[in-house]
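Below is one structure, written out as structure tokens, with a few remarks after it.
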Amino acid sequence: MSDPLHLPGFKPSAPASFHIFALGESMGAGIVLQSAAADPRIKAVVAEASFANMREASYDYAGLRKYPWLGKTLLAPFSWTLLYRGEKLAGFPVAEVSPVKAAASRAFPVLLICDEKDEALPCRHSEMIYAAARGPKQLWIVPGAFHTAAYGFFPEEFRRRVLSFFAENSRGR
């Protein structure tokens, strides 16, 4: 995203005081968490079904999305191969892709949404991010919801929580 304040000829009609809020699901949740750590213009983040870090997510996928212990034990070589191959393709260390590290690196408000029946990225991912977060934080565990389905299960509650979270974090900042 390019910043319009740096575009030639751009003249804001009002002082540049605005809030950027970010909301993401799954991979997008991991991206907005990492973006907030790197960009202080992002004032608050809502992240549903984020992964904690690439290694932890690889255990879930290697464990057939049901048995992470399997990905950490018998199928660990598959997990390690996946991570190694990912590093070679991406050209950077996989350990750098870590919403947990991002949440710990800068104190920003975060609302983590965990879908109780999520088999792709179970609640332990959100719980790890919650434990690491330095800023104001909330964790909503959505009963009965599967991966990124909080809005589908509880649309009114989702809207209420997200909008009130952003409203609370736009005051006095």
Would you mind checking the pairs K43/K88; K43/K137; K43/K117 and listing those with alpha carbons more than 22 angstrom apart? K43/K88; K43/K117
Length gained if F78 through R171 is fully extended, taking 0.36 nm per residue and subtracting the Cα-Cα distance, is 28.7 nm
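Read the figures in this text as sums done on the coordinates, not as results from a lab. Since we're looking at a predicted model, the values are computed, not measured.
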